[in-house]
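Enquirer: The structure follows.
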Amino acid sequence: MLGVMKRPMGELELIDRIREGAGRRGGAGVALGIGDDCAILRLPKGHELLVTTDLSLEGRHFRREWHPAESVGHRALARGLSDLAAMGAKPLAAFLSLGLPREMMASRAGLRWVDGFLRGLGWLAEEVGVPLAGGDTSEAAGEQVLADIVLVGSTPRGRSLRRSGGEPGDLLYVTGTLGGSAMELAELRDGRRRRSGEHPHLYPAPRVGVGLALVRRRLASAAIDLSDGLSTDLGHLCRESRVGAEVWEERLPVTAGANLEEALHGGEDYELLFAAPAKVRVPRSIGGVAVTAIGRLVPGRAVWMVGPDGMRKALRPRGWEHFGGSRAKAPGSRAGKPR
Ligand SMILES: [Mg+2]
């Protein structure tokens, strides 16, 4: 039969593909990688470990008809790297667990998909210098792909960035531009062709270097990554810091072509949002990534948007809500994204 292999790919074969596909680059932090019962990591002297896990589910976080396999692999790794970046951690090692539907493990098209996934993941892993040090594979019970990524990083002891350190009066900054991911996703959903060669949704760039610089130069009082949308993630930072905030609409770095709704609530831009005391001189760019002041932390607990006319209105969290089943309703936004 066309496109069907004589036998399904076995688990060992899959592990070999992972080993090959995801790059062989070892890292200084990995004493023993794929091939034994455990990986062995080495922590730099005086550092502590940071661990984050991210689940990517087909139909929820990606769709095979919209997202090329390379993008799914890239994004799975990017989400974890962005969490490490948010805390200023240096990535040490990544672990990948894959659940694949039976039909995928038995067809050439399925194999090509897995190779594409590993290629996309491998490109980013190589770029950031994080080795894939282990993982697990299984045939999925259903028809959908499941990828779970664990990322381990390190910071000098006690120096990681937290959501909780912000104080009233601190200025708020974001890296890069906002809204590009939601805009590109809407284009994918509607089958529109993208005019620019940039792919903020399919291939977001986690801000690992910026996070490291914020720790090294002691610039930030609090930080978070923008995975769920500015309105939602700023709310998380404010809650943990026990402060309110105002966002200056005119200062928001909206991606060219995106709208304000996408910039505020779209999510998945994987930029960093951080606070810094007003007296700290924050550079306009860090490692080639633009850094823009967009507002400040204020006493109280409310989050405000200040319009060009100086009028304040409440900025309510309308980004992605975990376990909510769907995005919170956002009138005027391009809804319906798989998360
Ligand atoms: Mg995060």
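Enquirer: Out of 210, 243, 247, I need the residue that is among the β-branched types (Val, Ile, Thr), away from the ligand (no atom under 16 Å from the Cβ), in contact with a strand residue (DSSP E or B) (Cβ under 9 Å, 6 or more places away or on another chain) and closer than 17 Å to residue 292 by Cα. Which one? Outline the logic, then answer.
Expert: Numbers: 210 fails: away from the ligand (no atom under 16 Å from the Cβ); 243 fails: closer than 17 Å to residue 292 by Cα.
Just one listed residue meets the conditions, 247.
Enquirer: Sticking with this structure for a sec: Suppose we filter 70, 139 for residues that are modelled with pLDDT of 95 or more and not hydrophobic (A, V, I, L, M, F, W, C); which single one remains? Don't jump to the end; show me each part of the working.
Expert: Numbers: 139 fails: modelled with pLDDT of 95 or more.
Only one candidate passes the filter, namely 70.
Enquirer: What about residue 117, is it touching a Gly at 6+ places or on another chain (Cβ under 8 Å) and surrounded by 24 or more Cβ atoms within 10 Å (Cβ to Cβ)? Break it down into steps so the answer makes sense when it comes.
Expert: Working: touching a Gly at 6+ places or on another chain (Cβ under 8 Å): yes; surrounded by 24 or more Cβ atoms within 10 Å (Cβ to Cβ): yes.
It is true that residue 117 is touching a Gly at 6+ places or on another chain (Cβ under 8 Å) and surrounded by 24 or more Cβ atoms within 10 Å (Cβ to Cβ).
Enquirer: Follow-up. For the stretch 236-250, check the following and say yes or no: at least one residue is in contact with a Pro (Cβ under 7 Å, 6 or more places away or on another chain), modelled with pLDDT of 95 or more, part of a loop (DSSP other than H, G, I, E, B) and open to solvent by less than 20 Å² (accessible area, probe 1.4 Å). Outline the logic, then answer.
Expert: Narrowing the stretch 236-250 to residues in contact with a Pro (Cβ under 7 Å, 6 or more places away or on another chain): 243-244, 249-250.
Of the ones still in play, those that are also modelled with pLDDT of 95 or more are 243-244, 249-250.
This time we only want the ones that are part of a loop (DSSP other than H, G, I, E, B), so: 243.
Still in the running and open to solvent by less than 20 Å² (accessible area, probe 1.4 Å): 243.
Yes, the stretch 236-250 has at least one match.
Enquirer: Which residue is farthest from residue 277 (Cα to Cα), if the candidates are limited to the stretch 190-207 and must be in contact with a Leu (Cβ under 6 Å, 6 or more places away or on another chain) and either among the charged types (D, E, K, R) or within 16 Å of the ligand (Cβ to nearest atom) (or both)? Let's see the steps before the verdict.
Expert: Here is the first cut: in the stretch 190-207, the ones in contact with a Leu (Cβ under 6 Å, 6 or more places away or on another chain) are 201, 206-207.
Subsequent filtering for residues that are either among the charged types (D, E, K, R) or within 16 Å of the ligand (Cβ to nearest atom) (or both) retains 206-207.
On the way: 206: 24, 207: 21 Å.
In this case the residue turns out to be 206.
Enquirer: Just give me the residues in the stretch 250-281 being under 25 Å from residue 78 (Cβ atoms), away from the ligand (no atom under 13 Å from the Cβ) and either of a type in the set (A, V, I, L, M, F, W, C) or without any contact (Cβ under 8 Å) to a residue 60 or more places away in the chain (or both), in sequence order. Before you say what the answer is, go through the steps one by one.
Expert: The first filter runs over the stretch 250-281 and keeps only residues under 25 Å from residue 78 (Cβ atoms), leaving 252-276.
Still in the list and also away from the ligand (no atom under 13 Å from the Cβ): 252-266, 275-276.
If the condition is that a residue be under 25 Å from residue 78 (Cβ atoms), away from the ligand (no atom under 13 Å from the Cβ) and either of a type in the set (A, V, I, L, M, F, W, C) or without any contact (Cβ under 8 Å) to a residue 60 or more places away in the chain (or both), then 252, 254, 256, 258, 260, 263, 264, 275, 276 are the ones that fit.
Enquirer: Applying the selection to the stretch 54-102, what residues are more than 15 Å from residue 154 (Cα to Cα), assigned to a strand (DSSP E or B) and either within 16 Å of the ligand (Cβ to nearest atom) or basic (Lys, Arg) (or both)?
Expert: Within the stretch 54-102, 54, 55, 56 qualify.
The values are calculated or read from the model by the stated rules, or taken from the named source; none is laboratory data. Note that this is a predicted model, so its numbers are computed, not measured. Here the Cβ is made from the backbone with ideal geometry for all residues, glycine too, and neighbour counts use every protein chain on show. For accessibility, only protein heavy atoms count, side chains too; no ligands or nucleic acids. Shrake-Rupley method; radii C 1.70, N 1.55, O 1.52, S 1.80 Å.
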